[in-house]
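Let me begin by presenting the structure, written as structure tokens, before commenting on it.
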Amino acid sequence: MQKIKKDALGNLVYGKIKLMILNGALKPGQKINKKELTEQLSVSQTPVNEAIIRLTGEGLIEQQERKGFFIKIFTYQDLKEFFAIRAGMEGVALRLCVEEQPDNTLDKLTHFFDNFSLPLDENEYKKYLKADQEFHQKIIELSRNSIIINFNKNFDFIMKSYQKGLIRPPEETLPEHKAIVKAVRNRDSEKAQQLLIEHHLKSRKVIKDQHLKYNTNN
């Protein structure tokens, strides 16, 4: 019974620290203060240490020799690899939405970009950035697939460590989003999946080109 209680506490602390990383309460590059975490979570240092070790194994935390533990900052290479995976997984998520969700649920995907037309001014750009993020998040949510949903949480964290705005300009992505929405409205799951995969792979190519340019200049 004692071991069960200990394991339950360890899992609880692990879950809370992981959530703090994923929602940005612990920021990329930030050094982990174990004392603060034990006080904040009202636990001893043992479950905090165990959680840090688990999260290091998952790649969300990294240990720097003689310096301590830090929230990992992901690289261009990391992001490039995750975009390749995300393209496939979110494409599957969208296909599941189109093929399995009723009209009233699927309708939640089709109005994010109704009020946008090019060119966008500064205020519209900010609204478009928000709509872009919410659109992709809604695809994941409506897939009702727990594996895809959990993967996406890690991807969102990686994106926060990389950039704050759009990878590609609205002049490129808005027509792509509207084409995806049109396929969704037409219940064309295969085309919707294909368009979304292409959408993400184009962004991946931009990241790849930026990486090559960075390496050339350094």
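The values are calculated or read from the model by the stated rules, or taken from the named source; none is laboratory data. Computed from a predicted structure; not experimentally measured. Because the Cβ atoms are built from the backbone with ideal geometry, glycine has one as well, and the counts that use them run over all protein chains shown.
When restricted to residues that are at pLDDT below 90, farther than 20 Å from residue 73 by Cβ and touching a Leu at 6+ places or on another chain (Cβ under 9 Å), the stretch 3-40 contains 0.
Scanning the stretch 59-79 for residues that are charged (D, E, K, R) and in contact (Cβ under 8 Å) with a residue 24 or more places away in the chain turns up 67, 72, 78.
Determine which member of the set 135, 155, 151 is modelled with pLDDT of 95 or more and within 24 Å of residue 98 (Cα to Cα). Write out each step before concluding.
Values: 155 fails: modelled with pLDDT of 95 or more; 151 fails: modelled with pLDDT of 95 or more.
Of the residues listed, the single one that is modelled with pLDDT of 95 or more and within 24 Å of residue 98 (Cα to Cα) is 135.
Pairing each residue of the stretch 39-58 that is outside the structural domain of residue 10 (by TED's automatic domain parsing) with any residue that is buried (at least 16 other Cβ atoms within 10 Å of the Cβ), provided the two are 6+ apart or on different chains, yields no C-beta distance under 7 Å.
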